[in-house]
Amino acid sequence: MERLSEQVRKVRRWLIDQPFDGILLSEQKNIAWLTGARAYVNLATERSIVFFLITESETVMYCSNIEKERLLAEEIGDTVGEIHVFPWYDPLLAESITQEQSKIGKVVLDREVESAFKAVRSALSPSQVADYRQLGKLSAAAVEETALGLQRGETELEIAGRLANAAIKRGIEPVVNLVAVDDRVSAYRHPLPTDKRLDRYVMIVLSGRRNGQYISLTRLVHFGVIPIDLKKKHAAVCTIDSRLMHHTRVGQSMGDLFKEMKAAYAAVGYQHEWKNHHQGGLTGYVGRERLLQPDAQELIQANEVYAWNPSITGTKSEDTILVTESGPEILTLGKEYPLITVTVAGCTYERPDILVRNDG
């Protein structure tokens, strides 16, 4: 409830400068941000199972009779304040709530003001930062468990199953679960798993969600001696990633960071590889709130979370970082992977190397 009160205060401060009097939060990402709750039954829908109306003076929760008891007991707490419960057989639509509240002034739906509300959602509170640090450790452990348990001859689908199991048992929903083996690592940037069997090389990608917070990381595993060309490419992509992290600082514009990214690719000899895949961007309560774009004017803020994912054909570097006043903090470094140390302007960054497995 302390979190709910803190977030309601943020919304009310934001409302002061808006041309409306209230907002109805009706999407999973916004309810998760507001309460820390899992606001869904079906993972494949953005619509929340609970709505919150917030005005200058009111906070009202709306939900069906199916969801009320579990939400209050296990997700939100029992001191929300005013609660409106509707029967499941007579569903209350978000649009009708906003219309009914016309007596208090203009009320908008969150999806109608997504671009404006995004800035409120993206800057994390201290409790949300603490949750993110814990999520980072758990996600790294899930991916490392998967990497260390791999066996040659397994299919990509079986590996994806390993990853899903490792994530779910830690309370993480594997929203993005990508696996590529051998030649598919070079062929596709977004490799949905198939029945192709692992021989020597595998890329594992997890974008996990817990209590609405997203976190992303990629790891690579090679059975036997790594080819020299692959080692060179991976060292290069780790350098690019480190430069992106280094310049992800409070007050930096996304447009200037895009220029820095292009310069980083050119500096390591892969000038045009950035064109083959997006480079990641701002995350939080959406997998990517905002991608890195050439003309973006948005400024990086403290307590935002970013996941960069530069790639060079056949390799990739990805972790999730927290922006602090003193610089980036990597949230997803685990304990089992070998590391490459990269120095950027006197600052050192640790990037996961390709894990060599000599067994199997």
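General observations
- With R₀ fixed at 45 Å, the C-beta to C-beta distance from residue 151 to residue 41 puts the FRET efficiency at about 0.80.
- Residues whose placed amide H lies under 5 Å from that of residue 344, excluding near-sequence neighbours: 349
- Amide hydrogen proximity for residue 86: with H placed 1.01 Å from N in the peptide plane, the residues at 5 or more positions away or on another chain lying under 5 Å are 63, 64, 65.
- Degrees separating the helix 228-246 axis from the principal Cα axis of the chain, which is the longest one: 40 degrees
- Taking the charge dipole of region 1-93 about its Cα centre, with +1 at Lys and Arg Cβ atoms and -1 at Asp and Glu Cβ atoms, the residue from 48, 33, 80 reaching farthest to the positive side is 33.
- Computed FRET value (nearest 0.05) for residue 253 with residue 18, which takes r as the C-beta separation and R₀ as 25 Å: 0.55
- Listed candidates (i) 23.0; (ii) 23.5; (iii) 21.7 - label of the one calculated as Kirkwood radius over Cα pairs in Å: (iii)
- Dipole magnitude (debye, nearest 20) for region 55-204, charges at Cβ of Lys, Arg, Asp, Glu: 680 debye
- Net charge dipole, the chain: roughly 940 debye, given to the nearest 20, about the Cα centre with Cβ charges of +1 for Lys and Arg and -1 for Asp and Glu.
- Solvent-accessible area per residue, Å², over the chain with all protein chains present [probe radius 1.4 Å]: 43 Å²
- Treating each Cα of region 1-130 as an identical point scatterer and summing with the Debye formula, the log10 of I(q)/I(0) at q = 0.15, 0.16, 0.19, 0.20 Å⁻¹ comes to -0.67, -0.77, -1.13, -1.27.
- Loop GluC sites (Glu not before Pro), region 282-360, which have at most 13 other Cβ atoms in a 10 Å radius of their Cβ (DSSP): 325
- Rounded to 5, the percent of DSSP beta bridges in the chain classed as antiparallel: 85 percent
- What a 1.4 Å probe finds exposed on the chain is 50% carbon and sulfur by accessible area, rounded to a whole percent.
- A simple rule links phi to the HN-Hα coupling: the Karplus curve 6.51 cos²θ - 1.76 cosθ + 1.60 with θ = phi - 60°, which for region 188-193 gives 9, 7, 10, x, 4, x Hz, with x for Gly and Pro.
- Surrounding net charge for residue 349, when Lys and Arg each add one and Asp and Glu each subtract one, Cβ distance under 15 Å: -4
- Unit charges at the beta carbon, dipole of region 94-252: most positive-side option, 136, 201, 239: 239
- Tilt relative to the chain, helix 156-168 - C-alpha long axis, 0 to 90 degrees, to 10: 50 degrees
- Estimated distance in nm for a label pair at residue 66 and residue 359, the labels positioned 7 Å out from Cα along Cα-to-Cβ: 4.5 nm
- Residues whose placed amide H lies under 5 Å from that of residue 154, excluding near-sequence neighbours: 198
- When each of 231/262; 10/259; 118/232; 169/275; 118/259; 10/68 is checked by Cα-Cα distance, pairs over 30 Å: 10/259; 118/232; 169/275
- The phi torsions of region 288-300, fed into the Karplus equation with coefficients 6.51, -1.76 and 1.60 and a -60° offset, translate into couplings of 9, 5, 7, 7, 5, 10, x, 10, 5, 9, 4, 9, 6 Hz, rounded to whole numbers, with Gly and Pro shown as x.
- Region 197-237 shape via C-alpha gyration tensor axes, a/c threshold 1.5: oblate
- Computed E for residue 104/residue 295 - FRET, C-beta separation, R0 45 angstrom, nearest 0.05: 0.70
- Each Lys and Arg contributes +1 and each Asp and Glu -1, all at the Cβ; summed about the Cα centre of region 122-276, the dipole is approximately 260 debye.
- Neighbours of residue 134 by Cβ distance under 14 Å: Lys/Arg scored +1, Asp/Glu scored -1, total +3.
- With Cα atoms, 0 to 90° folded angle of helix 254-267 axis to the chain main axis: 10 degrees
- Shape category assigned to region 137-286 from the gyration tensor of Cα positions, a/c cut at 1.5: oblate
- Along the chain, the exposed loop sites are trypsin sites (Lys or Arg not before Pro) outside DSSP states H, G, I, E and B with at most 14 other Cβ atoms within 10 Å, and the longest stretch free of them is 170-334.
- Among residues other than residue 358 with Cβ under 14 Å from its Cβ, the summed charge is +2 (Lys and Arg +1, Asp and Glu -1).
The values are calculated or read from the model by the stated rules, or taken from the named source; none is laboratory data. Predicted model, so just to flag it, every value in this text is computed and none were measured. Cβ coordinates were reconstructed from backbone atoms using ideal geometry, including for glycine residues, and neighbour counts include every protein chain displayed. SASA here: full protein model, heavy atoms, side chains in, ligands and nucleic acids out. Shrake-Rupley method; radii C 1.70, N 1.55, O 1.52, S 1.80 Å.
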